[in-house]
Amino acid sequence: MKDLEKRYGQLKRNMKTMEFHIPETMAGLDKLIRNNSIEGALSLKTKELIALSLAVHAGNSDCALMQLREALQAGASDDEICETVEVAVMMGGRPSLVTGSDVVAAMSELSREDCPQLLYDHLSD
C-alpha cells in the first residue's frame, strides 16, 4: 500500500482521460454521483459504506480503495469500515476477503486529516 497516493493520482488521471474520450457518459456519471451524494433517507456516510461493500463484494480493489476514501470523507469510522468489509466478505466469500484485506490495510495508512479531495471532484469543475 506504499503507493496508495500514487494509485489515486493515476485513477484521477484515468478519469480525466475518460472525460475527454466519452464526455457524455462521464457527464451522466457525474450527475448520478451528485444525485446520490446528498442526504436523503440514507445518510451520505451510509451510502458510501454501501458502495464500499459492493466494491469489496465485486472483488475490485481499485474501486474499493476509492470507496474507502469516500467513506472516510463522509465520516465513517474504522469500526464502521471494518464491519462493512465483514458484511461484504459474508456475502462474497474468499474473493471479497482478498479485496477486503486491501481495504483494511489501506485504512490503517489513511487518516481523515490526510484524505485529499474526493476522486470525482474534478468532474464538477
Item to complete: Within segment 54-70, identify whether any single residue is at negative phi, of a type in the set (Val, Ile, Thr) and buried (at least 18 other Cβ atoms within 10 Å of the Cβ), and answer yes or no.
Response: yes
Fill in: Condition met for Ile33 (of a type in the set (Val, Ile, Thr), surrounded by fewer than 21 Cβ atoms within 10 Å (Cβ to Cβ) and within 26 Å of Lys6 (Cβ to Cβ))
yes
Worksheet, complete the sentence: Ala51 vs (1) in a helix (DSSP H, G or I); (2) surrounded by 15 or more Cβ atoms within 10 Å (Cβ to Cβ); (3) touching a Leu at 6+ places or on another chain (Cβ under 9 Å): all pass except (3)
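Residues checked against (1) within 20 Å of Glu109 (Cβ to Cβ); (2) hydrophobic (A, V, I, L, M, F, W, C); (3) in contact with a Pro (Cβ under 7 Å, 6 or more places away or on another chain):
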position	(1), (2), (3)
Glu5	yes, no, no
Ser43	no, no, no
Leu49	yes, yes, no
Cys63	yes, yes, no
Glu70	yes, no, no
Worksheet item: If you take the residues of segment 107-125 that are surrounded by fewer than 17 Cβ atoms within 10 Å (Cβ to Cβ) and of a type in the set (Ser, Thr, Tyr), which of them is modelled with the highest pLDDT?
Response: Ser108
Discussion item. If I go through segment 89-106 residue by residue, how many of them are more than 14 Å from the chain's Cα centre (by Cα) and either buried (at least 19 other Cβ atoms within 10 Å of the Cβ) or among the hydroxyl-bearing types (Ser, Thr, Tyr) (or both)?
Written reply: 4
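The values are calculated or read from the model by the stated rules, or taken from the named source; none is laboratory data. Because the structure is a prediction, the values reported are computed rather than measured. A quick note on method: Cβ atoms are made from the backbone with ideal geometry, for glycine too, and the neighbour counts reach across all protein chains shown.
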